[in-house]
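Heads up, the thing below is written out as structure tokens.
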Amino acid sequence: MELLELKATMRTAIGKGPARQLRNSGMIPAILYGPGKESLMLSVNTKELELWLKKGKIGQSLTNISIDLGDKTDTRPAMIKELQVHPVSDRFLHADFYEVSMDRKVSVKIPVVTKGKSKGVELGGMLQIIRRELEVYCFPNAIPDKIVIDITDLDMGDSVHVNDIPREADMDIPADVNFTVLTILSPKSSADETAGAAEGGEEEAAAAEE
């Protein structure tokens, strides 16, 4: 996977006032933390972060954070764990970075996508994706962009469970039970679900009137 780059500088002032001044200057406050690591108060350029987000994904993409220390640069691999955004203006407010060790697996959420058209869908069935993301443990330099499931041979009533998904080398999908990831519903099952949803809505409306 591509290793993205992001520059950062150290900051010492905390609180709403200094944070507001940072944002007005085109920067946002950030923090870098990790297991057994001392937390670092940072600031990152807002426009550079926007460019990063066009290439990477929060909680999934790995970045090299280059911290300007004045006389030298300290580079650390990390992932964005959280990005606070203003609910009205969509302006970035704060970023949390999680420092990783390249020789230790990390937990990430990976989207599930399908390929092919199943036999069941061609006969009138409907594809239902129950889990659109799966938690995966893997090394930081081997984080997949997506988990692809081939549904070509699935007929109506067939399902794919978590244990049916092939694993990449050194990748684990933790699961206490062999849960269903996707299934091909028959037309009758699809109609029953639609009718059930409609009945539920009518009952809720009647209860609200009472």
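For segment 1-125, the equivalent ellipsoid derived from the Cα gyration tensor has semi-axes of 34, 19, 12 Å, listed largest first. Scalar couplings 3J(HN,Hα) for segment 159-168, obtained by applying the Karplus form with A = 6.51, B = -1.76, C = 1.60 to θ = phi - 60°, are 9, 10, 9, 4, 6, 7, 7, x, 9, 6 Hz; x denotes Gly and Pro. The relative contact order of the chain, computed from alpha carbon pairs under 8 Å that lie at least 6 residues apart in sequence, is 17 percent.
Annotation: amide H-H contacts under 5 Å for L42 (H modelled 1.01 Å from N, sequence separation of 5 or more, or interchain): R11, A30, I31, L32. Which residue fluctuates the most in the chain, going by a Gaussian network model with Cα springs under 10 Å, if the choices are A95, A78, A175? So, out of A95, A78, A175, the one fluctuating most is A175. Counting 0.36 nm for each residue step from K81 to R20 and taking away their Cα separation leaves a gain of 19.8 nm. Computing Rg and the Kirkwood Rh from the Cα coordinates of segment 81-120 gives a ratio, Rg/Rh, of 1.23.
Against the main long axis of the alpha-carbon atoms of the chain, helix 46-55 sits at an angle near 40°.
Each principal axis of the Cα cloud of segment 70-138 was evaluated for its coordinate range; sorted largest first, these ranges are 67, 40, 16 Å.
Rounded to the nearest 0.05, the FRET efficiency derived from the C-beta distance between R91 and D150 at R0 = 41 Å is 0.45. Backbone amide hydrogens, once placed in the peptide plane, bring D158 within less than 5 Å of I184, excluding anything fewer than 5 places away on its chain.
Using only helices, what value at 222 nm comes out for the chain when you add -39,500 (n - 2.57) per DSSP H run of length 4 or more and divide by the total residues, to the nearest 500 deg cm²/dmol? Counting only the DSSP helices, I get -6500 deg cm²/dmol. Spin-label model, A142 to K57: label points 7 Å out along the Cα-to-beta-carbon direction sit 1.9 nm apart.
Shape analysis of segment 1-63 places it in the oblate category; the axes a ≥ b ≥ c from the Cα gyration tensor give an a/c of at least 1.5, with a/b not above b/c.
Any read-out appearing in this document is the output of simple, stated calculations on the displayed coordinates, not a laboratory observation. Predicted, not measured: the structure shown is a model, and the values here were computed from it. Note that each Cβ is placed from the backbone with ideal geometry, even for glycine, and that neighbours are counted across all protein chains shown.
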